[in-house]
Structures are given as C-alpha cells and as structure tokens.
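Shown next, in structure tokens, is the structure this report addresses.
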Amino acid sequence: MFIGEHTFKVDGKGRVSIPADFRRELEEGDPLATQSGRPRMVIVYGHDKQKQLIVHTYDGYRRLAADIAALPRGSEKRKIMERMILNRARPTEVDADGRLVLPQPLRDKIDLDGTAYFAGLGETFEIWKPETHAEVDAAVTEKWLDEQGDDFDPLSLLDDMGV
C-alpha cells in the first residue's frame, strides 16, 4: 500500500528518487522484479486537464486494464477509459539507483521543474508539482469541510459502506 507524502529533487535529466517504501510496493507489484532487480510500473498521464501523474504497480495496471476490457465493447465508458488510461500511459521501471526517469513531455505536462511531490493513495501514488498539489489539496479540503462541517470525521464515510 502506498501511503504518506514525500518530496524529492528532480535533476536536469528528469531523474527523481522514489521513496524507499514506495519502491518496496513496486517490487511486490511486479512478479519479475526479483529476477531483474528493477520493478516495473505504469505512469498514467491522462487527459489534458490532469495535473498529476498517476503511478500504478505493474500488476495493478494489468488488473485495471482487465477491468476496462471487461466493459462492453463500443460502450462510451470503455472508449473513454481506453483513451484516458490505456492510451495515455507510459510503462517504465526503477533504475539501478532507485530512481524514476521522468521524460521531458511528462515533466512538461505537470509543469514539474526542480521538485516532485509524491502522494500515496493506497493502490497508486501520484506525482505532482508541489505548489499545484498544495493548491488543489487546499481547495478540495476546504470544499469538503464546508459541506460536512467543522467537526467532520473522514472515518465517518466508512459508515455509509456498512463497514
């Protein structure tokens, strides 16, 4: 499970260290990682308005692709997901030094320059420009709190699921 937040420098070639606990999750999510020592992952860069890169383990992305393939052929949902998740994705791997190399087009897409913010989200993690994440996170949090009230407990959302 990818949890927590981390901030790392991005060098001029687009290399950024992957948090050690995230690397372990990537290793567990790639059956060939023990042989190669370089776990694979898939980066989804998505639609033009998407402000972050979403990183899936190799197996997690394969499961997601299978879920998309299970949708009815020609359905609007399937077409959208094929274009936004399957077509706009880039497989890659961790390098020998535990880094991820982000190609220039992906860095340009999210306006990433000198620092990357890693946000753990359970099954995936996101890579953001730190300032963009702070702005989006503040707006989302403020909206939620305004709707729920000052004493809002996020764990109460589990009550709606019968958990």
(request) May I ask you to list the residues in the stretch 97-114 that are β-branched (V, I, T) and under 13 Å from G12 (Cβ atoms)? (result) V101
(message) Please go through (1) touching a strand residue (DSSP E or B) at 6+ places or on another chain (Cβ under 8 Å); (2) open to solvent by 60 Å² or more (accessible area, probe 1.4 Å); (3) not aliphatic (A, V, I, L, M) for D30 and return the number of the only condition it doesn't satisfy.
(response) (2)
(request) Out of T132, T141, report the one residue that is touching an Asp or Glu at 6+ places or on another chain (Cβ under 8 Å), polar (S, T, N, Q) and part of a helix (DSSP H, G or I). (result) T132
(request) Please give the number of the condition S75 fails out of (1) polar (S, T, N, Q); (2) touching a residue at least 40 places away in the same chain (Cβ under 8 Å); (3) farther than 22 Å from V101 by Cβ. (result) (2)
(request) Please tell me if R73 is within 16 Å of P39 (Cα to Cα) and of a type in the set (D, E, K, R). (result) no
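The values are calculated or read from the model by the stated rules, or taken from the named source; none is laboratory data. Because the structure is a prediction, the values reported are computed rather than measured. Note that we place each Cβ from the backbone using ideal geometry, even for glycine, and neighbour counts take in every protein chain shown. Please note that ligands, DNA and RNA were not included when accessible areas were found on the heavy atoms of the full protein model with its side chains. Shrake-Rupley method; radii C 1.70, N 1.55, O 1.52, S 1.80 Å.
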